[in-house]
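For reference, the structure discussed in these notes is given below.
The values are calculated or read from the model by the stated rules, or taken from the named source; none is laboratory data. This one's a predicted model, so the numbers in the text were calculated from it and none came from an experiment. Using ideal geometry, Cβ is built from the backbone for each residue, glycine included, and neighbour counts are taken over all protein chains shown.
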Amino acid sequence: AESWVIMVTAQTPTNIAVIKYWGKRDEKLILPVNDSISVTLDPAHLCTTTTVAVSPSFAQDRMWLNGKEISLSGGRYQNCLREIRARACDVEDKERGIKISKKDWEKLYVHIASYNNFPTAAGLASSAAGFACLVFALAKLMNAKEDNSELSAIARQGSGSACRSLFGGFVKWKMGKVEDGSDSLAVQVVDEKHWDDLVIIIAVVSSRQKETSSTTGMRETVETSLLLQHRAKEIVPKRIVQMEESIKNRNFASFAHLTCADSNQFHAVCMDTCPPIFYMNDTSHRIISCVEKWNRSVGTPQVAYTFDAGPNAVLIAHNRKAAAQLLQKLLFYFPPNSDTELNSYVLGDKSILK
Ligand code: PMV
């Protein structure tokens, strides 16, 4: 029997939404009810590294996450594998005399090994980086000719937010119009060099797993919240335009205002869900108050905050000076190991847009 292996390794950072995605209009294809915009982090801090391998000796598709084998039977993995396989092209390794034709891919299996360089249980988004990395690595292995936007539409079917991790810098996920979802994909707004004095700090408030998964939460919000309808139709379309403008002009005051307002509205929409969903806790609320007070006292915003489906604060500082002051404040008001819930470490100390 033949006994060769071809491998590809890719690395993908996670992303944090500044205009949130919350709510699907199609659960199977993962099509959102509104556009969203995110910033991709520096790969040195929160990223996934994935190696994919193909060999005629593999008897089935298998995957290991942080060294532990996990099941690939879920629909999300199957969708990604099927979509990439459908786009596989000829691959040739002349040196080793290996040739895989387009048709061979149908009967070849892959092994996937994926690692996160941050604690998976830290309650920080890991599916975004994970699915983006998986799709990208498989596409390279199978020599798929699709560009990153086209690949993003496949990563989207693994986890919605994953589509935005195919690009660096600031990225927009366009909700799209067509029923098959082919135009629901990510495009880059500006690259990672455009606004490189921003600094992101993640305050790990709690490392517990969230109680309501984003899938369940979104479903319940779509079914019960009237506020979501208003947000998706009337608010987000205008905010997307304003946010793109702020990013292009590096207008931090406007950027911070929109980012905080959108995070707060996302959590308001969760509260408007029946039964209500609480992702933030007292410490999260105190961090918001602290940042709001500080920004107000200076007169111009120094820091923006945003929270996803959990209590951890993502803080975006205008520059290194503001970031240093922010860290000082956090350590003063939220000393590690005190009765506040703030964990003993703060992640992502460097400029994220490198
Ligand atoms: O892609 P999911 O299913 O993990 O959902 C992500 C939802 C939020 O993180 C709360 C918002 C977003 O746009 O990333």
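Quick notes
- Listed here are the strands (runs of 3 or more DSSP E) enclosed by the stretch 41-134 that have at least 2 residues being touching a residue at least 40 places away in the same chain (Cβ under 8 Å) and surrounded by fewer than 22 Cβ atoms within 10 Å (Cβ to Cβ): 47-55, 62-65, 91-93, 98-100, 109-116.
- The residue list GLU234, GLU245 contains one member that is under 25 Å from GLU192 (Cβ atoms) and without any contact (Cβ under 8 Å) to a residue 60 or more places away in the chain, which is GLU245.
- Residue list for the stretch 307-321, restricted to those being under 19 Å from the mean Cα position of the chain (by Cα) and either under 19 Å from SER38 (Cβ atoms) or assigned to a helix (DSSP H, G or I) (or both): PHE307, ASP308, ALA309, GLY310, ASN312, ALA313, VAL314, LEU315, ILE316
- Inspection of the stretch 121-129 identifies no residue that is modelled with pLDDT of 95 or more, of a type outside the set (Asp, Glu) and either under 11 Å from the mean Cα position of the chain (by Cα) or at negative phi (or both).
- Close Cβ contacts (under 9 Å, 6 or more residues apart or on different chains) running from residues in the stretch 188-208 that are more than 15 Å from LEU315 (Cα to Cα) to residues that are among the basic types (Lys, Arg) and buried (at least 19 other Cβ atoms within 10 Å of the Cβ) comprise GLN188/LYS172; VAL189/LYS172.
- Scanning the stretch 1-25 for residues that are of a type in the set (D, E, K, R), within 14 Å of the ligand (Cβ to nearest atom) and either touching a Phe, Trp or Tyr at 6+ places or on another chain (Cβ under 9 Å) or more than 18 Å from ALA186 (Cβ to Cβ) (or both) yields a count of 1.
- Residues that are within 21 Å of the chain's Cα centre (by Cα) and small (Gly, Ala, Ser) were ranked within the stretch 205-245; the one that is nearest to VAL33 (Cα to Cα) is ALA232.
- If you filter the stretch 26-44 down to residues that are within 16 Å of TYR305 (Cα to Cα) and near the ligand (Cβ under 10 Å from one of its atoms), you find that the one that is farthest from the chain's Cα centre (by Cα) is ILE37.
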